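Trainee: Pasting a structure below so you can have a look.
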Amino acid sequence: MASAGASPTARLEVPFRFTDLVDEVESVRRDPPTYVSRVGALKVPSKICNSELILVTPPEAGPWVFTLAVSGGESDKEVQQLAEQHATLSAEAQKIAASKVQVVAKLKAAKERLEEIPSPSSEAVLQAACSAVQAAEDRLAEVQEEDRIARAAAERARAAQEKVACADAYNHSFVVALQFDSSWPVKPPTVRFQGVMHHALVDESGGMLMPFFKSIPKDDRKVHSLRLILEAIHHFLIDPLHNWGISRESAPSRLLSSMLAEEKMNLARLTTIRKYALQVKHKELFESPPRWREEWFDPAFWKACTEKTPEAWRAILVEQLPNEVFSFKIFTDEFLNMFVEEIFNFYSSGLPARRPNSMNNYGIILNEIGLEPMIDELQQLLQPLGELLWGSGPGTCWDGHHCFIVRYREGEDLGLDMHTDDSDVTFNICLGLDFEGAGLQFCGIMGAANHRRHTNTFKHQKGHCVCHLGRKRHGADDISRGERLNIILWNHSSTYRKSEEYEDPPYEREEGAPDEVCVSFTHDRDYGVFKEYPVGKEHLKGRGWCPPKKFEYADFKPDAKPAAKVSSGC
């Protein structure tokens, strides 16, 4: 029998043929299951991370990546049945619990009447009172059994409620990437969720865990098939424990608690998306499948997108800082006005909006309001630019993102402290509005000798984008008048993040004291040497990490003794 652990000899029973894989993909494209959408193409990635944790160009013989969206929702009929079951069982439990309360009260009253009978009293009176107590005790015995039934019913109701919640929490189309190699179909592909999804049973990168792969059914050849893989993903989203052959009764309580917490987070996100879908102002931004229009883009940018040549992309770029910071015009005023209207429409909806990151207090995460599919497509339009500028590493194989709006105006955030991004490559697009000040200051790459030396000042222009590595230290000057909104797109590459370059980047001793504009009250140990801490930020004194001690510049002096042990990440 062929299996994931089969010997090379057994593997030859069903040899890999690329044409067979293509046929399976095309079959799904022609006739997708009801829970599958946004079927992509089978592609060879531009880079892979080898066993030495170095990014290399893959050989012609794979691997191959296939993306599509899979939903985990039960059918409407099944969800309704679960909801009705929950309501029935809950009512049953409540009825029996109320009955128990009444019986206990009757027994108490009967005993009190017996104790209150004066002595001496007739035998008939005593007998009647004792009979009442005995009847109440008999009924209590009966109700205790009913109470046991009630508790069991309540447990069934809870399980039904959790299943309904789970079905609703994952009744959504999640983008999934399957990566095949020449061990297919004997071994399954890797499976990773690319979009935003809160789930206790996937790893930090959205990858499936080993029990999932062990639970995948095989076809009559005793090997894997694409449709059975997709069916397994679908059932995982509906009820992963059942899919893995684990009953909820036997599952560890900590696991169940973690699953429920993640389900609640996912459901809260989807609830906002579903509610806002009924209130959107510009439906073309929320189409399924998503579709960007030519008229929304600056003509030169659209020409570069369609020509797909390095020359066309180079033609639109302004090199603000050689090899490090670039800008270009991307959107038309028509699109900007429409998009800003949509953002303010969401603000007026009253729906909850999480902070976009730890440093910006005001803004909206676009992936949390239903725009994730549109941003997926925008990322793919920008991917060739990433490959052109930083294709040896962070600019390659983008398969995740965090995209949000930042807002600067009087009474809210005025500017942004020096920092680096949790991003491999960042795109920062100015939406307007009418403002003065709020320049973007760039310093060095984190870990470089000039990490905290000023390198460039960028002035935002409406409709223009500036892009840079996430490791580039930067900060926003305070706005002096008006209001500024920007789209920030943090691009992530799971391939790049496996590499040694990402996991263990170089760090050099600083070449000298930092430039004043480049110091950070959030991160730096010597901020107070160069500037006064802003009002309300004095508590950060002594909590910085930068520079690490062994990379201090000559004559370095911290502004305070360390307040506590802190992380050395930006």
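Each reported figure results from applying straightforward, stated rules to the coordinates on display, with no laboratory input. For clarity, every value in this text was computed on a predicted model and none was experimentally measured. Glycine gets a Cβ as well: all are built from the backbone with ideal geometry, and neighbour counts include every protein chain shown.
Trainee: Rounded, prolate or oblate, given the Cα gyration tensor of region 279-518, with a/c below 1.5 counting as rounded?
Mentor: It comes out oblate by the Cα gyration axes.
Trainee: At 0.890 mPa s and 25 °C, plugging the Kirkwood radius over alpha-carbon pairs of the chain into Stokes-Einstein gives what diffusion coefficient in µm²/s?
Mentor: Estimated via Stokes-Einstein, D reaches 87 µm²/s.
Trainee: Would you mind computing, in nm to one decimal, how far apart the modelled labels at Asn50 and Glu142 are, each placed 7 Å from Cα along Cα→Cβ?
Mentor: Once both label points are built, they end up 8.1 nm from each other.
Trainee: Now a separate question. Rounded to the nearest 0.05, what FRET efficiency is calculated for Glu412 and Cys130 with R0 set to 60 Å and r the Cβ-Cβ distance?
Mentor: 0.20
Trainee: Shape verdict for region 191-254, please, from the Cα gyration tensor: rounded (a/c under 1.5), prolate (a/b greater than b/c) or oblate.
Mentor: Taking the square roots of the gyration eigenvalues as a ≥ b ≥ c, region 191-254 is oblate.
Trainee: Moving to a separate point now. What is the spread of the Cα atoms of region 516-556 along each of their three principal axes, largest first, in whole Å?
Mentor: Between the extreme Cα coordinates on each principal axis of region 516-556 lie 30, 18, 14 Å.
Trainee: So, counting K/R as plus one and D/E as minus one, what does the shell of residues with Cβ under 13 Å around Lys541 add up to?
Mentor: Neighbourhood net charge equals 0.
Trainee: Based on DSSP H runs of at least 4 residues, each adding -39500 (n - 2.57), what is the mean residue ellipticity at 222 nm of the chain after dividing by all its residues, to the nearest 500 deg cm²/dmol?
Mentor: So the calculated ellipticity at 222 nm is -12500 deg cm²/dmol.
Trainee: Could you give the length gained by full extension between Glu508 and Ala87, i.e. 0.36 nm per residue of separation minus their alpha carbon distance, to one decimal place?
Mentor: Full extension of this stretch gives 145.2 nm more.
Trainee: Still on this structure, please answer the following. For the pair Arg17 and Glu307, what calculated FRET efficiency results from E = 1/(1 + (r/R0)^6), where r is the Cβ-Cβ distance and R0 = 35 Å, to the nearest 0.05?
Mentor: 0.50
Trainee: How big is the dipole moment of the chain about its Cα centre under a simple scheme where the beta carbon of each Lys and Arg is +1, that of each Asp and Glu is -1, and everything else is neutral? Debye, nearest 20, please.
Mentor: 600 debye
Trainee: Taking the Cα centre of region 413-478 as origin and charging only Cβ (+1 Lys, Arg; -1 Asp, Glu), how large is the dipole, in debye to the nearest 20?
Mentor: Result for region 413-478 is approximately 400 debye, rounded to the nearest 20.
Trainee: Which one, Pro189, Phe18, Pro299, is farthest towards the positive end of the dipole of the chain when Lys and Arg carry +1 and Asp and Glu -1 on their Cβ?
Mentor: In the chain, that residue is Pro189.
Trainee: While we're looking at this one, here's another question. Enumerate the lysines that Lys214 could reach by cross-link, defined here as Cα to Cα under 22 Å, with residues fewer than 8 away along the same chain left out.
Mentor: Lys187, Lys222
Trainee: Across region 466-481, in residue order, what do the Karplus-derived ³J(HN,Hα) couplings come to in whole Hz, using 6.51 cos²θ - 1.76 cosθ + 1.60 with θ = phi - 60° and x for Gly and Pro?
Mentor: 10, 10, 6, 5, x, 7, 7, 5, 7, x, 9, 5, 4, 6, 9, 7
Trainee: Between the helical axis of 372-390 and the dominant principal axis of the chain, each derived from Cα atoms, what acute angle in degrees is found, rounded to the nearest 10?
Mentor: For helix 372-390, the angle is close to 30 degrees.
Trainee: Name the long-range amide H neighbours of Ile365: under 5 Å, sequence gap of 5 or more, or other chain; modelled H, no Pro or chain starts.
Mentor: For Ile365, the qualifying residues are Arg354, Ile405.
Trainee: Compute the length gained on full extension between Ser119 and His539: take 0.36 nm times their separation in residues and subtract their Cα-Cα distance, giving the result in nm to one decimal.
Mentor: 143.5 nm
Trainee: What are the ³J(HN,Hα) couplings of region 302-318, residue after residue, when phi is run through the Karplus curve with 6.51, -1.76, 1.60 and θ = phi - 60°? Round to Hz, x for glycine and proline.
Mentor: With coefficients 6.51, -1.76 and 1.60, one gets 5, 4, 4, 4, 7, 6, 6, 10, x, 5, 5, 5, 4, 5, 8, 8, 10 Hz.
Trainee: Taking amide hydrogens as modeled 1.01 Å from N in the peptide plane, which residues meet the under 5 Å criterion relative to Gly415, leaving out close sequence neighbours?
Mentor: Close amide H contacts, sequence-distant or interchain: Ile479.
Trainee: Something else about it: For the chain, take the longest principal axis of its alpha carbons; what is the angle in degrees between that and the long axis of helix 253-277, to the nearest 10 within 0 to 90?
Mentor: Orientation of helix 253-277: about 70 degrees from the principal axis.
Trainee: How much length is gained if the chain between Glu500 and Ser253 is pulled fully straight, taking 0.36 nm per residue apart and subtracting their Cα-Cα distance, in nm to one decimal?
Mentor: Values: separation 247, 0.36 × 247 = 88.92 nm, distance 3.73 nm.
Extra length from Glu500 to Ser253 when fully extended: 85.2 nm.
Trainee: Taking amide hydrogens as modeled 1.01 Å from N in the peptide plane, which residues meet the under 5 Å criterion relative to Asn486, leaving out close sequence neighbours?
Mentor: Here Val406, Leu431 satisfy the definition.
Trainee: Turning to a different aspect of this structure: List, in the order given, every pair from Lys472/Lys531; Lys308/Lys462; Lys47/Lys472; Lys275/Lys472; Lys100/Lys275; Lys498/Lys561 whose Cα-Cα distance in the structure shown is over 30 Å.
Mentor: Distance filter (> 30 Å) returns Lys275/Lys472; Lys100/Lys275; Lys498/Lys561.
Trainee: Let me make sure I get this right: for region 224-313, a, b and c are the square roots of the gyration tensor eigenvalues over alpha carbons, sorted descending. Under 1.5 in a/c it's rounded, otherwise prolate if a/b > b/c, else oblate. Which is it?
Mentor: Prolate is the answer for region 224-313, as a/c is 1.5 or above and a/b outweighs b/c.
Trainee: Within 10 Å, count the other beta carbons around each residue, average over each peptide in 89-98, 27-36, and list them highest first.
Mentor: Most protected by this proxy first, the peptides run 89-98, 27-36.
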